[in-house]
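For reference, the structure is listed below as structure tokens.
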């Protein structure tokens, strides 16, 4: 009797110690050694209990009920082992599927290319805490980044628990990410794939490509934060890793920038300035010219050297325009297969644009490529006083028209000079603060800059944002929607209702 009581006590003690040894590491990870000792003692107690009852167990095992119970226990144990192994393998080698509507947990193809080509170690320190607004977004995004390359390490730091680290990095705001590599260091205030990928490109390069915006002819200004200014364009280029600065026309002879931008001047160029720009191109320079109709003839003397002519009128399009507004607010949807416009699916909005034409005889040293065109239903409005443009078959020329074009210098024999390139856009408003926020405008502007600056890594870098992109129908689509929703569906419902009523009356 005493042996039976002792065995029961030993078994109960063994069970409690085993459970305590398994659960203690979950509550106190630092007590791992103590947990191992408790677990060992518990297992010994259970073995002692089994040893005392070995004869009873042997006798009971011959019973049919015991065998069935044993089989059930073994089946449960095997099922538990199978589930445990499956979970272990899933944690270590599980494939991942992203079923979210905006693909928040899937990086873009371009980002994967950047991650696999990291030339050196990059450290990302996120100063945030559990429960803060940006904690979840940073964790979801950066965990995916860290899986792709061991050179990238991510660390989450609570600034309240580690104020010394926050002070060392001069972080004063919660949800701030610091991306650093070598001497480069970039601060981010939000978990955006576009920002993180661009930051990776910036911190892993020690030399920045420079972009100069010409001034001195009443051009659009980088410092202007109003609607017609280019401050947002400058900010977007800075995030892409460029060094952006204005360039006075007096300094044209000493251009050191990789790319020169002429943003819609309204005053004509002097012959001296034209010669300096021509020399810049002859040395392999790259040039972007954006010209609103307000530029008038200020660029004619420069563009004529390359066989380019800007239209005298304003382009209008009844098919591809912005909503039911003026037909001069173009939504350009037709693109070529050039690297700049490759895979373009979002239209570009060109408000009040001019056409770009090329004379092959005059521009013999240049190859011409049309990048974007209007629809066949467009026309060039020559009556600029008309506030509501209407196509006049006798006066207006029918489309399609080129609104953005590329010129590249031809190779002459064994000429080893670097290739020069010029992009001409018959509109500058698309890159201003009022219009650059449209996704198509941003993509076209940044891709054009990247191609001209010969930044291959950034040419196709258009990481997606988890944003809502509304469907903007053209006038024809609007009419079809109105007919279908306002007329067809109500009439169809009325017809079906009358048919059912008439059939019931006849029964």
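The values are calculated or read from the model by the stated rules, or taken from the named source; none is laboratory data. Everything numeric in this text was worked out from a predicted model, so none of it was measured. FYI the Cβ positions are ideal-geometry reconstructions off the backbone, even for glycines, and counts take in every protein chain you see.
Within the range 345-360, is there a residue that is assigned to a loop (DSSP other than H, G, I, E, B), at pLDDT below 80 and surrounded by fewer than 22 Cβ atoms within 10 Å (Cβ to Cβ)? Checking the range 345-360: at least one residue is assigned to a loop (DSSP other than H, G, I, E, B), at pLDDT below 80 and surrounded by fewer than 22 Cβ atoms within 10 Å (Cβ to Cβ). Considering each residue of the range 257-279 in turn, at least one proves to be within 15 Å of residue 353 (Cβ to Cβ) and assigned to a loop (DSSP other than H, G, I, E, B).
Each row is one residue, and each column tells you yes or no for (1) in contact (Cβ under 8 Å) with a residue 40 or more places away in the chain; (2) touching a helix residue (DSSP H, G or I) at 6+ places or on another chain (Cβ under 6 Å); (3) farther than 30 Å from residue 110 by Cβ; (4) not assigned by TED's automatic domain parsing to the domain that holds residue 441.
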| residue | (1), (2), (3), (4) |
| --- | --- |
| 185 | no, no, no, yes |
| 189 | no, no, no, yes |
| 194 | yes, no, no, yes |
| 251 | no, no, yes, no |
| 257 | yes, no, no, no |
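Filtering the range 299-329 to residues that are more than 29 Å from residue 269 (Cα to Cα) and out of contact with any strand residue (DSSP E or B) (no Cβ under 6 Å at 6 or more places or on another chain) leaves 318, 319, 323, 324, 325, 326. Those helices (runs of 4 or more DSSP H) of the range 134-243 in which 1 or more residues are in contact with a strand residue (DSSP E or B) (Cβ under 9 Å, 6 or more places away or on another chain) and more than 20 Å from residue 114 (Cβ to Cβ) occupy 135-148, 163-168, 231-239. Being in a helix (DSSP H, G or I), loosely packed, with under 12 Cβ neighbours inside 10 Å, at pLDDT below 65 and on the phi < 0 side of the Ramachandran plot is a property that residue 62 lacks. Checking residue 234 against (1) over 18 Å from residue 351 (Cβ atoms); (2) touching a helix residue (DSSP H, G or I) at 6+ places or on another chain (Cβ under 9 Å), which test does it fail? The single condition residue 234 does not satisfy is (2).
Evaluated against (1) buried (at least 19 other Cβ atoms within 10 Å of the Cβ); (2) modelled with pLDDT of 85 or more; (3) in contact with a helix residue (DSSP H, G or I) (Cβ under 7 Å, 6 or more places away or on another chain), residue 142 falls short on exactly one condition, (3).
Where residues in the range 281-299 are closer than 15 Å to residue 422 by Cβ and modelled with pLDDT under 90, which of them is nearest to the chain's Cα centre (by Cα)? Taking the candidates together, the pick is 285.
For the range 307-318, filtering for residues that are more than 15 Å from residue 370 (Cβ to Cβ) and either touching a helix residue (DSSP H, G or I) at 6+ places or on another chain (Cβ under 7 Å) or not in a strand (DSSP E or B) (or both) leaves 4.
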